[in-house]
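Notes for the one structure printed next.
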Amino acid sequence: MKRWIFLLAAVLVILGFDIYTKQWALENLHYAETTKLLDIVPITLTFNEGGGFSLTFGSYSRWIFTSIALIILLVLLYFYSKTPLDHWLRLLALSMISAGALGNLIDRLRWDHGVVDFIGPFDLGFMLWPIFNIADMAVSTGGLLLILSLWKSKPAQEPEPIGPSTSEISEENRPVV
């Protein structure tokens, strides 16, 4: 039960923040005009009809990415249910990825404009980092935490062999092949 309360709490916090900030962007920003938040963070209202980094499948993008998100959410819930409770980092990572996927899925379902993105672009000197949102941050951070949790986990123990080992079988009991 604790597992599901944790998932629900994490999803509600991240999803609530994602929905709130997207609504703020829609009400306070003008499409495609970049301004600075606190004179540091560039913010630009855009709508992404495709996937990550604006990957697109043309007019089918909305429904293809909606289907992919639903499948991914089911897979994430399955892995979440199988993760031991003492693997808190993995549980957190899966919760963050789920919340982010759900946040962008809501945008795809509520209208055909696409996902609301507004943070960025960031000038890296050699390229502009794409514009994103809180849900994207949750998916990316959760993905990194998932990799870290899998990297830190102990490898599975080799199962004990069934029956006597070959060194325990005497010459006279050894099967003839």
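Of note:
- Of all residues in the range 128-153, those satisfying the criterion of being surrounded by 15 or more Cβ atoms within 10 Å (Cβ to Cβ), assigned to a helix (DSSP H, G or I) and among the aliphatic types (A, V, I, L, M) are Ile134, Ala135, Met137, Ala138, Val139, Leu145, Leu146.
- Just one of the listed residues (Ile97, Ile68) is under 23 Å from Ala9 (Cβ atoms), out of contact with any Lys or Arg (no Cβ under 9 Å at 6 or more places or on another chain) and of a type outside the set (S, T, N, Q), namely Ile97.
- Neighbours by Cβ (under 7 Å, 6+ apart or cross-chain): first from the range 17-34, exposed (fewer than 14 other Cβ atoms within 10 Å of the Cβ); second in a helix (DSSP H, G or I): none
- Of all the criteria given as (1) without any contact (Cβ under 8 Å) to a residue 60 or more places away in the chain; (2) in contact with a Phe, Trp or Tyr (Cβ under 8 Å, 6 or more places away or on another chain); (3) assigned to a loop (DSSP other than H, G, I, E, B), the one not satisfied by Arg108 is (3).
- Checklist (1) assigned to a helix (DSSP H, G or I); (2) at pLDDT 95 or above; (3) closer than 16 Å to His113 by Cα applied to Ile72, failing item: (3)
- Residue within the range 69-92 that is among the hydrophobic types (A, V, I, L, M, F, W, C), in contact (Cβ under 8 Å) with a residue 40 or more places away in the chain, closer than 20 Å to Gly120 by Cβ and surrounded by 16 or more Cβ atoms within 10 Å (Cβ to Cβ) present: no
- Residue satisfying condition, being closer than 22 Å to Phe6 by Cβ and assigned to a helix (DSSP H, G or I), within set Phe53, Phe79: Phe79
- For Gly125, the conditions (1) touching a Leu at 6+ places or on another chain (Cβ under 9 Å); (2) surrounded by fewer than 20 Cβ atoms within 10 Å (Cβ to Cβ) are fulfilled apart from (1).
- Cβ-Cβ under 7 Å pairs, at least 6 apart or on other chains, the range 116-132 side within 14 Å of Ile43 (Cβ to Cβ), far side of a type in the set (Gly, Ala, Ser) and part of a loop (DSSP other than H, G, I, E, B): Trp129/Gly120; Pro130/Gly120; Ile131/Gly120; Phe132/Gly120
- Selection of the range 43-68 for residues being loosely packed, with under 13 Cβ neighbours inside 10 Å and more than 25 Å from Trp24 (Cα to Cα) yields Leu55, Gly58, Ser59, Tyr60, Trp63, Ser67.
The values are calculated or read from the model by the stated rules, or taken from the named source; none is laboratory data. Only a predicted model underlies this, so the values are computations on that prediction, with no experimental measurement involved. Note that each Cβ is placed from the backbone with ideal geometry, even for glycine, and that neighbours are counted across all protein chains shown.
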